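Worksheet: one structure, shown below.
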Amino acid sequence: MKLFRSIVELQNELFEVRKEGKSVGLVPTMGALHEGHASLVNRSVAENDVTVVSVFLNPTQFNDQGDLDRYPRTLDADCALLEQCGADYVFAPSVEEMYPTKDNRHFEFPPVTTVMEGAHRPGHFNGVCQVVSRLFYIVRPDRAYFGEKDWQQIAVVKALVRYLGLKLQIVECDTIREADGLAKSSRNTLLAPDERAIAPKIYSALKAGKEYGATHTLKETHDKVVADINAVDGLEVEYFSIVDGNTLQEVESWDDSQYIAGCITVYCGKTPIRLIDHITFKE
Ligand code: PAF
């Protein structure tokens, strides 16, 4: 496995790879890698001749400086994990390398960029599109791998690919969970033991909500999930949106769409740490 910090050096290497007719998979990450990332890398390694993993903590997608400062930075451990997974190249550029000048591009694909995370984290998806589009131009992958944990992000990236007219496949990979149901996330390492103990209640409330929804209205289900989570000392729901899985627009009844998902953001603990999750109600 080779580590690149320079765009030009990575591109020279990939030029040779492509000359040999090899396919390239890209797994974009911000580091602090865990089994969720490993599952994306494993899939890319299985489906492509060569796998590039980017490790870049992208400042333009953070609208909260504290969140960026707290984000774990673990490049050595990340490289060890990637080596084990069989990744070929790690691309870990500096901020100056990725953004030699300020990125003034503005990406907006309403409604997918403006609802839920888009509404609660202004500028977040613009930053995601800035960095992901740059990574796509630099690596020119045949396939790029994203976890369903960031469910809305996948819809945004697909809209970006359509807009840019890029020939590449976005591969959606299942959310990987801890044994107690908590979705794996780099932010989980920031939870204090008492916070880690209550965090799984988010997914248990979503699962209970799915069962409840089979015999109750959408609004009753929505309110129960929110009430169950808010009843836990230390958890507070920021939003819970039940949406059409394609348009990401809120729906009012279970009959409004064939594909319905619930997306939730919860503040956990004193800091607090912001955790997101989702569940499919109908598919
Ligand atoms: O999902 C993430 O970790 C990030 O949003 C991504 C796609 C690597 C862009 O920085």
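Rule-based calculations on the coordinates, nothing more; no lab input. Computed from a predicted structure; not experimentally measured. Cβ sites come from the backbone with ideal geometry, for glycine too, and all protein chains shown count toward neighbours.
Under a 5 Å amide H to amide H cut-off, with H placed in plane at 1.01 Å, what residues pair with residue 23 once short-range neighbours are removed?
49, 50
May I ask you to list the aspartates and glutamates whose Cα is less than 19 Å away from that of residue 102, ignoring any residue fewer than eight positions away on the same chain?
Result set, ordered by chain and number: 64.
Starting from 0 in steps of 10 Å, tell me what percent of the Cα-Cα pairs of the chain lands in each bin.
6, 27, 35, 22, 8, 1
Going by how many other beta carbons lie within 10 Å of each one, how would you line up 260, 242, 198, fewest first? Spell out each step's value before the answer.
On the way: 260 21, 242 25, 198 18.
Least crowded to most crowded, the residues run 198, 260, 242.
Read phi for every residue in the range 131-143 and hand back ³J(HN,Hα) as whole Hz from Karplus 6.51 cos²θ - 1.76 cosθ + 1.60, θ = phi - 60°, with x for Gly and Pro.
For the range 131-143, the Karplus-derived couplings read 6, 5, 5, 5, 5, 5, 5, 6, 8, 6, x, 7, 9 Hz, x marking Gly and Pro.
Beyond 27 Å between alpha-carbons counts as too far, so tell me which of 149/219; 184/270; 22/158; 184/282; 201/270; 167/210 fall in that bin. Mind dumping the intermediate values first?
Values: 149/219 24 Å; 184/270 20 Å; 22/158 24 Å; 184/282 23 Å; 201/270 17 Å; 167/210 37 Å.
Long pairs (Cα-Cα over 27 Å): 167/210.
Which ³J(HN,Hα) values, rounded to whole Hz and listed in residue order, are derived for the range 64-81 from phi using the Karplus coefficients 6.51, -1.76 and 1.60 in 6.51 cos²θ - 1.76 cosθ + 1.60 with θ = phi - 60°, glycine and proline given as x?
Listing the rounded values in order: 10, 4, x, 4, 5, 4, 6, 4, x, 10, 9, 4, 4, 5, 4, 5, 4, 5 Hz.
With a ≥ b ≥ c the root eigenvalues of the C-alpha gyration tensor of the range 171-245, is it rounded (a/c under 1.5), prolate (a/b larger than b/c) or oblate?
On the way: a/c = 2.09, a/b = 1.33, b/c = 1.57.
It is oblate, given that a/c is not under 1.5 and a/b is not larger than b/c.
Would you grab the residues whose amide H sits under 5 Å from the one on residue 238? Only those 5+ places off in sequence or on another chain, please, with H modelled 1.01 Å from N.
Correct list: 265, 266, 267.
According to the square roots a ≥ b ≥ c of the eigenvalues of the Cα gyration tensor, what is the shape class of the range 92-160, taking rounded for a/c under 1.5, prolate for a/b larger than b/c otherwise, and oblate for the remainder? All intermediate terms of the calculation are to be shown ahead of the outcome.
Working: a/c = 2.00, a/b = 1.30, b/c = 1.53.
Oblate, because a/c is 1.5 or more while a/b does not exceed b/c.
Mind pulling the angle between the C-alpha long axis of helix 218-230 and the longest principal axis of the chain? Nearest 10 degrees, somewhere in 0 to 90.
The answer is roughly 80 degrees.
So who's got an amide H within less than 5 Å of the one on residue 91, skipping anything under 5 residues away but keeping other chains? H placed 1.01 Å off N, in plane.
Counting only residues 5 or more places away or on other chains, the set is 4, 53, 54, 55.
Convert each backbone phi in the range 167-172 into a coupling constant with the Karplus relation 6.51 cos²θ - 1.76 cosθ + 1.60 (shift: θ = phi - 60°), then list the ³J(HN,Hα) values in order as whole Hz, x for Gly and Pro.
3J(HN,Hα) across the range 167-172, in whole Hz: 9, 7, 9, 8, 9, 8.
If you fit an axis through the alpha-carbon atoms of helix 201-213 and take the longest principal axis of the Cα set of the chain, what angle between them do you get, 0 to 90°, nearest 10?
Rounded to the nearest ten degrees, it is 60.
Going by a ≥ b ≥ c, the root eigenvalues of the Cα gyration tensor, does the range 120-159 fall in the rounded group (a/c under 1.5), the prolate group (a/b larger than b/c) or the oblate group?
Numbers: a/c = 2.74, a/b = 1.36, b/c = 2.02.
Taking the square roots of the gyration eigenvalues as a ≥ b ≥ c, the range 120-159 is oblate.
Take the alpha-carbon centre of the range 79-132, take the same for the range 167-245, and report the distance between them in whole Å.
Using only Cα atoms, the two centres lie 24 Å from each other.
Let me know the longest stretch in the chain that avoids all trypsin sites (Lys or Arg not before Pro) found in a DSSP loop with at most 15 other C-beta atoms within 10 Å.
168-269
So for the range 122-267, taking the charge dipole from beta-carbon charges (+1 Lys/Arg, -1 Asp/Glu), which of 264, 190, 165 sits furthest toward the positive end?
Result: 165, furthest along the dipole toward the positive end.
Under 10 Å, Cα contacts only: if you run a Gaussian network model on the chain, which one of 106, 120, 34 comes out with the highest mean-square fluctuation?
Maximum among the listed residues: 106.
If we count other beta carbons within 10 Å of each Cβ, what is the order of 150, 69, fewest first?
Values: 150 19, 69 8.
Least to most surrounded, the residues fall as 69, 150.
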